[in-house]
1. Has segment 38-61 got at least one residue that is surrounded by 16 or more Cβ atoms within 10 Å (Cβ to Cβ) and small (Gly, Ala, Ser)?
2. Give me the residue from segment 110-143 that is surrounded by 14 or more Cβ atoms within 10 Å (Cβ to Cβ) and among the small types (Gly, Ala, Ser) and, out of that set, farthest from Cys35 (Cα to Cα).
3. Name the single residue that is nearest to Arg31 (Cα to Cα) among those in segment 130-152 being in a helix (DSSP H, G or I) and hydroxyl-bearing (Ser, Thr, Tyr).
4. Please find, within segment 62-80, the residue that is surrounded by the fewest Cβ atoms within 10 Å (Cβ to Cβ) out of those that are under 22 Å from His122 (Cα atoms) and in contact with a helix residue (DSSP H, G or I) (Cβ under 8 Å, 6 or more places away or on another chain).
5. Kindly evaluate Glu41 against the criterion of being in contact (Cβ under 8 Å) with a residue 40 or more places away in the chain and in contact with a strand residue (DSSP E or B) (Cβ under 9 Å, 6 or more places away or on another chain).
6. Looking at segment 3-27, I want the residues that are under 20 Å from Pro118 (Cα atoms) and have a partner that is loosely packed, with under 10 Cβ neighbours inside 10 Å and at pLDDT below 95 with Cβ atoms under 6 Å, at least 6 apart or on another chain. Which pairs are those?
7. If you scan segment 13-37, which residues turn out to be buried (at least 20 other Cβ atoms within 10 Å of the Cβ) and either assigned to a strand (DSSP E or B) or more than 18 Å from the chain's Cα centre (by Cα) (or both)?
Amino acid sequence: MPDGVLMEKPFWQTKKMIDMTRAQWEALCDRCGRCCVHKLENEDTGDIYYTRVACSLLDTEECQCNLYYQRNLLVPDCATLDPVTIDNFQWLPPTCAYRLLSEGKPLEWWHPLVSNDPDTVHQSGISIRSKLIPEHRIDLEYLEDYVVPEPL
């Protein structure tokens, strides 16, 4: 870097999540798809258990919701993340940018905002690409049969 040239820090290092624009907030999503995995909660302990079953709206190759802006109408229990309620979503995987930033931690090296490459989330093995069973292929009554030892 030439003398006297200061590099501006990226928005996620300088802004509070509550002050981010909608575009900045959405850019935090790394497109791993882990939040769209069915999870079970132990009501006694609050522990969250991930399964290898995908929401019906999840494109498991692109790791994105097929109907993102209609998801809450089609899947009423789909969680909507926002800066005000982010601390209520401790079920998010520990690698999730929203969770990391809410905990005061840096983004991972593979995050597209850090790497400048949307494929590093897949290359690193973090995404759920090709790892899930679509929910229409199973009986959701037996979801506990699909629990995995850690988030995929």
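1. The answer is yes, given that some residue of segment 38-61 is surrounded by 16 or more Cβ atoms within 10 Å (Cβ to Cβ) and small (Gly, Ala, Ser).
2. It comes out as Ser115.
3. My answer is Tyr146.
4. Leu67
5. Answer is yes for this residue.
6. That search, which allows pairs on different chains as well, returns nothing.
7. Correct list: Val37 only.
Residue by residue, here is whether (1) within 11 Å of the chain's Cα centre (by Cα); (2) part of a loop (DSSP other than H, G, I, E, B); (3) within 16 Å of Ile128 (Cα to Cα) holds:
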residue: Gln70; (1), (2), (3): no, no, no
residue: Leu73; (1), (2), (3): no, no, no
residue: Asp77; (1), (2), (3): no, yes, no
residue: Pro93; (1), (2), (3): yes, yes, yes
residue: Arg99; (1), (2), (3): yes, no, no
residue: Leu107; (1), (2), (3): no, yes, no
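The values are calculated or read from the model by the stated rules, or taken from the named source; none is laboratory data. Keep in mind the model is a prediction, meaning the values are calculated, not measured. Glycine gets a Cβ as well: all are built from the backbone with ideal geometry, and neighbour counts include every protein chain shown.
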